[in-house]
Amino acid sequence: MSATRGVAWRLVALLVGIAVAGWGVDLLVKEWVLATLPEGRQVQVLGELLQWHFVRNPGAAFSLAAGMTWIFTLISAVVAVIILVQAFRVRSLAWTIVLGALLGGVVGNLTDRIIREPGGLQGHVIDFIQVWGFPAIFNVADMLVVCAMGAFIVLVLRGEGLDGVRRTDEPRPAPEAEPERASRSESEAASSSD
């Protein structure tokens, strides 16, 4: 096995490890929420700044499209598969971390849609984190997705590819002709015109 292939497999393993860790933390925290927090009631953690507020979200962010849960389930499943397929192309530690966090967050909320009530791939996502001034209640998986997408945008803007090579939009200057060749071409053109 070549060194490059060994690095690739280590990055895939790291990506999957980050995803599993993120998914596991999200699942454990949601089980804690279900076992200890009263649904619909606010519990102050840091006064008004941070509160636990357990709600079941049937839709997307801000509970939008609550009747279309099955679409979010399908989209999440497709995103997870795309990330797993792309994982084998990644040669960058930064992309490995970003895609691992994104996969962990996507699978965290996908798990809720599969196993939570009312069932039938339309389960409600467990949300519980409320921050002063922020209009939505969210969870650990949401934080992973948002942070990963922010880092995703930064990597794209920096021009860093999945292979770790940084690309720029600046055009490369054309190589200059050697002076000797240029003068030889000029003298050949002059002699042919004689």
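Brief remarks on what is shown
- Close contacts from the range 1-28, counting a first residue that is of a type in the set (A, V, I, L, M) and at pLDDT below 95 and a second that is surrounded by fewer than 17 Cβ atoms within 10 Å (Cβ to Cβ) and in a helix (DSSP H, G or I), with Cβ to Cβ under 8 Å and a gap of 6+ residues or different chains, come to A8/F88.
- Exclusive hit being within 25 Å of V165 (Cβ to Cβ), basic (K, R) and surrounded by fewer than 18 Cβ atoms within 10 Å (Cβ to Cβ), set R41, R91: R91
- Any hit, the range 116-123, residues being crowded, with 16+ Cβ neighbours inside 10 Å, of a type in the set (D, E, K, R) and touching a His at 6+ places or on another chain (Cβ under 9 Å): yes
- Looking across V25, V16, V107, V78, one residue alone is touching a Phe, Trp or Tyr at 6+ places or on another chain (Cβ under 6 Å) and in a helix (DSSP H, G or I). It is V107.
- Of the numbered criteria (1) under 13 Å from the mean Cα position of the chain (by Cα); (2) buried (at least 17 other Cβ atoms within 10 Å of the Cβ); (3) not basic (K, R), the one P58 fails is (1).
The values are calculated or read from the model by the stated rules, or taken from the named source; none is laboratory data. The structure presented is a predicted model; accordingly, all values stated were derived computationally and were not measured. Backbone-built Cβ (ideal geometry, glycine too); neighbour counts: all protein chains shown.
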